[in-house]
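I have placed the structure first, in the form of structure tokens, so that the comments after it can refer back to it.
The values are calculated or read from the model by the stated rules, or taken from the named source; none is laboratory data. Quick caveat: nothing in here was measured; it's all calculated off a predicted structure. Cβ atoms come from the backbone with ideal geometry, glycine included; neighbour counts cover every protein chain shown.
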Amino acid sequence: MKLSPTEIYNGRNVFIIGATGFVGKVALSMLLDRFPGVGRVYVTVRARSKEESETRFWNNVITAPPFDPVRERYGAAFEDFIRDKVRLVNGDIGEDRLGFTEEEAQAVASDIDVLINSAGNVTFNPTLESALRTNVVGTQNVIAFAKRMKRPALVHISTCFVAGNRTGPVWESDPVLGYFPRKEELPGVEFNVEQEIRDCARLAERVREEARDALQVARFRENARKRLIEEGRDPDDLDAMGLAVARARKLWTRERLTELGIERATFWGWPNIYTYTKSLGEQLVAAETGIARAIVRPSIVESAKDYPFPGWNEGFTTTAPLIFISLKGQTQIPVNDKLILDITPVDQVAAVMLAVAAEAMTREPRLVYQAATGDSNPNTMERIVGMVGLYKRQHFTEKETGFRIVNEIAARMEARPVTPARFDAVSTPMVNAAAKKASSLLDRVRPRWGGGRLTDLVDRAKATVERVEEVTRETKEAFDMFRPFMVENAYIFRADNVRSLFSQIRKDEGQLLKWNPETFDWYDYWMNVHFPGLKKWVFPKLEEDMRAQPKRVYTYRDLLELFETSSKRFSTRVAMRIERDGEQEQYTYADIHELATRAAAFFASQGVKPADRVLLVSHNAPEWGMSYFGVLKAGATCVPVDPESSTAELINFVRASGATGLILGE
């Protein structure tokens, strides 16, 4: 029997979790544009309050370009249409009942016909704990919520790359429950998703326990002290030290949880924490029976082909940083020439999501649908790098800013594929290693006495070398991150279930939800859709992110904190000099601090209290500084006055300021 998405969606209610993301926004817009007869569409916008959810949705979501087609269709009635169709709910999949009260959860669940979960932590290697919260615990909470529905129907969005480190065909019929990529290497080893979740929770607790260990706490204090000194702050300030220790503990815990997460994912055969935890989420969905459930696995999601318009893109997509790095001068791209890089336009992914949701509302769907293009219209890394090279030439040929000769040279330096071994030997990693050596050498030759011009030259050279080291390190890290998908894992994701589903959609509705990757002209897509889309929507943000960030400079709370810190850091340095009667007097920071402390005690004994104001009338001399900081140390406010002021002027100053004390110089 043919499927009619129009009839299915007509009057039915949909709940979309993750509608504020790249894919989610396109899916929500497409649903509203193509199926205006849909009933209510519930959308979660995570915020601290219902009012903030409303503000975020209307200011940041519905104003975004993906909703342009809906805006154009309804014109002045657009807002009324959205308010009629969309129901905003402030939810969090990391919480029980998705963060709703019991009454809210029951009301929403009893009113919806399908739940689409597009939420997820898509960072490749976040902390294990944060990835588990969204991708695993969040999935558990979504499943529990779906079970409250009159007829539970769940569409869970995952990724093709749960396949892990392997090569060859990846079928939609492959087992999901109990899967791990090294299954054939480790015969007899069982993988149990519930056990894995418990083990990860214990692992996170062990890390937190280790962070409370006395030795580890001592290390935190040591690191915190070094940081405070580097920032020019007082390491003996208890408040500052407490905050610095807490920051050191938090940073260590985050790094340790990421390190252990990568270690665990790697052992089981996944290239990163993201794919590992997404697979755990899939297995939770697969384990459920008695509900209509389906898993949609997109491959690499990239710029829209047609909807909302050609080229729409957003955020940190997979190909964007690699293309951007090439435009910045990286000519050698480490790839496996024959490997298929499977990318799917975001609008085709959204169409699959909505088609599967329509099926799930009316009949039992198949478990897995892979929204992938590589089995019907493969695109190899060799060809893609070649198109990147062509785009680079076009980009610099047409560039109107900068020096013409520089642009002409850059246009001729096209990207080209190289083996990983050659890349490591003669490209970015080699330059990075050389920059590290140069930085170390400059540290050794820098004059320790602060030798004027030579020191300045060395410091400027070191700043340049450090920038080269930073850029090459970031480039190397980017290639390392994507190496499993560009070099090592030659996947062929089969999309048979998707093709079968779309063949069952009525022909007169075929233009509403399109799945036609076999017809794509990849050259046209990359050169005339994807590259221009990245240039407009993504590269400006990458440009901003990759600019050299100024080093953080600590801002002292007040002059007294600066004085106390300087007195400890530079105690033996000369702070003040003066010549009197032909003789030199000098005072170190420690001397000034000691005398200011004595002055503070004297002022207190004379009745000066915190919040009082004291006038200081003196010529520039060491005593002025000692008195000034003495008043501050007593907790009062010091009001310096011109020593040439007349008696009448001084009286006016005292009256106007409400001063309770007056210090006069000789």
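Checking each residue in region 566-583 for being charged (D, E, K, R) and either in contact with a Phe, Trp or Tyr (Cβ under 6 Å, 6 or more places away or on another chain) or surrounded by 10 or more Cβ atoms within 10 Å (Cβ to Cβ) (or both) picks out K568, R569, R573, R577. Within the set F603, F653, the sole residue that is more than 51 Å from the chain's Cα centre (by Cα) and closer than 24 Å to D236 by Cβ turns out to be F603. Looking at this structure, is E104 surrounded by fewer than 19 Cβ atoms within 10 Å (Cβ to Cβ) and either in a helix (DSSP H, G or I) or touching a helix residue (DSSP H, G or I) at 6+ places or on another chain (Cβ under 6 Å) (or both)? Yes: the conditions hold for E104. Among the residues of region 237-283, the one identified as without any contact (Cβ under 8 Å) to a residue 40 or more places away in the chain and touching an Asp or Glu at 6+ places or on another chain (Cβ under 8 Å) is A240. Would you confirm, using the coordinates I've provided, whether K278 is in a helix (DSSP H, G or I), of a type in the set (K, R) and not assigned by TED's automatic domain parsing to the domain that holds L203? Yes; evaluated as a whole, the condition is true for this residue. Residue selection: R148 satisfies the criterion of being over 31 Å from the mean Cα position of the chain (by Cα) and either in a helix (DSSP H, G or I) or of a type outside the set (V, I, T) (or both). Does region 113-122 contain at least one residue that is surrounded by fewer than 18 Cβ atoms within 10 Å (Cβ to Cβ), at pLDDT below 95 and not assigned by TED's automatic domain parsing to the domain that holds L260? Among the residues of region 113-122, not one is surrounded by fewer than 18 Cβ atoms within 10 Å (Cβ to Cβ), at pLDDT below 95 and not assigned by TED's automatic domain parsing to the domain that holds L260, which makes the answer no.
Under the condition of being crowded, with 22+ Cβ neighbours inside 10 Å and more than 18 Å from P271 (Cβ to Cβ), the residues counted in region 143-176 number 7.
Of the set (1) touching a strand residue (DSSP E or B) at 6+ places or on another chain (Cβ under 8 Å); (2) assigned by TED's automatic domain parsing to the domain that holds S4; (3) closer than 26 Å to R264 by Cβ, all apply to T318 but (2). Please find, within region 644-666, the residue that is surrounded by the fewest Cβ atoms within 10 Å (Cβ to Cβ) out of those that are assigned to a strand (DSSP E or B) and of a type outside the set (G, A, S). Residue satisfying both the conditions and the ranking: L664.
Restricting region 374-394 to residues that are touching a Phe, Trp or Tyr at 6+ places or on another chain (Cβ under 8 Å) and not aliphatic (A, V, I, L, M), the residue that is farthest from V487 (Cα to Cα) is Y391. With respect to R366, is the statement that it is surrounded by fewer than 18 Cβ atoms within 10 Å (Cβ to Cβ) and assigned to a helix (DSSP H, G or I) true? No: the conditions fail for R366.
When you look at E518, is it acidic (D, E), modelled with pLDDT of 90 or more and surrounded by 14 or more Cβ atoms within 10 Å (Cβ to Cβ), yes or no? Spelling it out, it is not the case that E518 is acidic (D, E), modelled with pLDDT of 90 or more and surrounded by 14 or more Cβ atoms within 10 Å (Cβ to Cβ). Can you confirm whether region 33-43 contains a residue that is assigned by TED's automatic domain parsing to the domain that holds P5 and assigned to a helix (DSSP H, G or I)? Yes - at least one qualifying residue is present in region 33-43. For region 50-93, which helices (runs of 4 or more DSSP H) that fit wholly inside it have 2 or more residues that are of a type in the set (S, T, Y)? Qualifying helices (runs of 4 or more DSSP H): 50-56. Considering the conditions (1) surrounded by fewer than 18 Cβ atoms within 10 Å (Cβ to Cβ); (2) of a type outside the set (S, T, N, Q); (3) more than 30 Å from V388 (Cα to Cα), F316 is excluded by exactly one of them, (3).
Here are some residues: L257, L243. Which one is closer than 27 Å to Q216 by Cβ and either at pLDDT below 95 or of a type in the set (D, E) (or both)? Among L257, L243, only L243 is closer than 27 Å to Q216 by Cβ and either at pLDDT below 95 or of a type in the set (D, E) (or both). Can we say R166 is farther than 23 Å from P298 by Cα, assigned to a loop (DSSP other than H, G, I, E, B), of a type outside the set (A, V, I, L, M) and touching a residue at least 24 places away in the same chain (Cβ under 8 Å)? No; evaluated as a whole, the condition is false for this residue. Can we say Y42 is within 30 Å of P365 (Cα to Cα), modelled with pLDDT of 95 or more and not hydrophobic (A, V, I, L, M, F, W, C)? Yes; evaluated as a whole, the condition is true for this residue. S110 satisfies every condition listed in (1) out of contact with any helix residue (DSSP H, G or I) (no Cβ under 7 Å at 6 or more places or on another chain); (2) within 23 Å of I157 (Cα to Cα); (3) surrounded by 15 or more Cβ atoms within 10 Å (Cβ to Cβ) except (3). Among residues that are of a type in the set (V, I, T) and assigned by TED's automatic domain parsing to the domain that holds S130, I197 is not included. Scanning region 193-233 for residues that are in contact (Cβ under 8 Å) with a residue 60 or more places away in the chain and more than 20 Å from N135 (Cα to Cα) turns up I229, E231, G232, R233. If I filter region 62-73 for residues that are in the same structural domain as P365 (by TED's automatic domain parsing), aliphatic (A, V, I, L, M) and crowded, with 18+ Cβ neighbours inside 10 Å, do I get at least one hit? Yes, the conditions are met somewhere in region 62-73.
Kindly indicate whether any position in region 181-197 is surrounded by fewer than 17 Cβ atoms within 10 Å (Cβ to Cβ) and in a helix (DSSP H, G or I). Yes - at least one qualifying residue is present in region 181-197. A search for C-beta distances below 6 Å between a residue of region 41-64 that is within 28 Å of G75 (Cβ to Cβ) and basic (K, R) and any residue that is at pLDDT 90 or above and crowded, with 17+ Cβ neighbours inside 10 Å, counting only pairs 6+ apart in sequence or on different chains, returns R56/V45.
Take the conditions (1) assigned by TED's automatic domain parsing to the domain that holds G21; (2) within 30 Å of D342 (Cβ to Cβ); (3) polar (S, T, N, Q); T258 misses just one of them, which is (1). Pairs are defined by a Cβ separation below 8 Å, a sequence spacing of at least 6 or placement on different chains, a first member in region 565-592 that is farther than 26 Å from E231 by Cβ, and a second member that is in a loop (DSSP other than H, G, I, E, B); the pairs so defined are I578/A621.
One line per residue, one yes/no per condition, for (1) at pLDDT below 95; (2) surrounded by fewer than 21 Cβ atoms within 10 Å (Cβ to Cβ); (3) closer than 22 Å to G120 by Cβ; (4) over 25 Å from the mean Cα position of the chain (by Cα):
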{"site": "M1", "(1), (2), (3), (4)": "yes, yes, no, yes"}
{"site": "P5", "(1), (2), (3), (4)": "no, no, no, yes"}
{"site": "Y9", "(1), (2), (3), (4)": "no, no, no, yes"}
{"site": "N13", "(1), (2), (3), (4)": "no, yes, no, yes"}
{"site": "L31", "(1), (2), (3), (4)": "no, no, yes, yes"}
{"site": "P36", "(1), (2), (3), (4)": "no, yes, no, yes"}
{"site": "A47", "(1), (2), (3), (4)": "yes, yes, yes, no"}
{"site": "T55", "(1), (2), (3), (4)": "yes, yes, no, no"}
{"site": "N59", "(1), (2), (3), (4)": "yes, yes, no, no"}
